[in-house]
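Shown next, in structure tokens, is the structure this report addresses.
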Amino acid sequence: MIEKAFCEAFKGLVVQLQVTAYDEQFLKRAVNNFTALPSTVFGDAEGGIVKWLKKNETIDGRFGAIVQLWVTGTREKSISKLYDQLGRRIRQGILVVPTTAVFEAYPTEVNTEFDMMDNVGHCGDGYEEIIQKYERDLISVPIMMGYDFLIERDVKFAEGVMGGNLWLFCDSIEAGINIGRKAVSVIESIDNVCTTFDVCSAGSKPETNYPEIGPTTNHPYCPTLKNKIPHNEFMVPIGVKSIPEVIFNALDLDTIKFTMKSVIEEIIQMKGLVKISAGNYGGKLGKYQIHLNELGLPEKYFRD
């Protein structure tokens, strides 16, 4: 049922924020704006929703959500890229949605942080000010709606782990949809991890005939290419009609491993699941190799 394969993951830089709003409609619009276009090509910024919050779970007692934004690359270049993308997505995705506010939500102490004045605060055109509210230093940006947009002045960032993934080999498209959605629902129940593509239909590979558009389809694993590519290249097992992928980023490696194990435990008995594997590139892409048979799952689930 489970291949003795490994998931190849890699380092990234991440911020984790709490976004709040007057009602669920405005909140969902702001959060979707911020996390939209999870990754236009490999290496760009990507965002995801960690969890939705009830009013009694938020800093200001309103509807809320926890979101993450990630970038890859060398640390020096990544810091600049993350700061720029963070500002763009907050300015154009959250600030413009009525009643929204943004708070720092990294769960542990780190000694690196962004000052949000230059990339968001100055949207006030010089009329912004620092206020103390909710026992936090906030930038108050006047806007036309009749209230001020609030954002915490200092936002922490740190290294995390990107690219945790599972491949779910299913015997029908319907099974792929159902099992993929169940996997995503498990991820959504875990703190400090987000899935950037929900149920992902298009696993990619680094080798491509069209490098100008980035990674392209992982053609050996496309069920519809049976009899269209050489037999020795076609890697879809007999009886498999759909291979959804779930991809997730987390603040630390232990959370990635816990997420993988939790997903597998919840879907392993689902109807239509043929086998579970993971995406890797022979160890060439990422620092971390997370072997499925080292997650603490029962040995009876595995095959060579």
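The values are calculated or read from the model by the stated rules, or taken from the named source; none is laboratory data. Keep in mind that this is a model prediction, so the values were computed, not measured. Every residue, glycine as well, gets a Cβ built from its backbone with ideal geometry; the counts of neighbours run over all protein chains shown.
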Does the range 194-215 contain any residue that is polar (S, T, N, Q), more than 20 Å from the chain's Cα centre (by Cα) and at negative phi?
-> yes
Some residue of the range 195-210 being among the charged types (D, E, K, R), surrounded by fewer than 16 Cβ atoms within 10 Å (Cβ to Cβ) and at pLDDT 90 or above | no
Candidates Gln68, Gln85 - the one that is more than 20 Å from Thr259 (Cβ to Cβ), out of contact with any Pro (no Cβ under 9 Å at 6 or more places or on another chain) and not hydroxyl-bearing (Ser, Thr, Tyr) | Gln85
Note on the range 112-125: residues under 16 Å from Arg153 (Cβ atoms) and in a loop (DSSP other than H, G, I, E, B) are Thr112, Met116, Met117, Asp118, Asn119, Val120
Return a yes/no flag: does the range 62-83 have any residue that is of a type in the set (S, T, N, Q), closer than 28 Å to Ser185 by Cβ and touching a Gly at 6+ places or on another chain (Cβ under 7 Å).
-> yes
When every residue in the range 240-293 that is farther than 19 Å from Glu46 by Cα and among the aromatic types (Phe, Trp, Tyr) is compared, the one farthest from the chain's Cα centre (by Cα) is Tyr281
Filtered residue count, the range 134-180, keeping only those that are touching a strand residue (DSSP E or B) at 6+ places or on another chain (Cβ under 7 Å), free of Cβ contacts under 8 Å to residues at least 40 places away in the same chain and not hydrophobic (A, V, I, L, M, F, W, C) | 5
Among the residues listed as Ala183, Ala105, the single one being among the hydrophobic types (A, V, I, L, M, F, W, C), surrounded by 18 or more Cβ atoms within 10 Å (Cβ to Cβ), assigned by TED's automatic domain parsing to the domain that holds Cys200 and in contact (Cβ under 8 Å) with a residue 24 or more places away in the chain = Ala183
Taking the range 217-230 on its own, how many of its residues are in a loop (DSSP other than H, G, I, E, B) and either of a type in the set (Asp, Glu) or surrounded by 18 or more Cβ atoms within 10 Å (Cβ to Cβ) (or both)?
-> 1
In the range 155-175, the residues that are surrounded by fewer than 20 Cβ atoms within 10 Å (Cβ to Cβ), among the aliphatic types (A, V, I, L, M) and within 22 Å of the chain's Cα centre (by Cα) | Ala158
Only one of (1) crowded, with 16+ Cβ neighbours inside 10 Å; (2) among the β-branched types (Val, Ile, Thr); (3) farther than 20 Å from Glu188 by Cα fails for Val110. Which number is that?
-> (1)
Counting only strands (runs of 3 or more DSSP E) entirely within the range 133-216, those with at least 2 residues that are closer than 19 Å to Gly121 by Cα and hydrophobic (A, V, I, L, M, F, W, C) are 136-142, 148-152
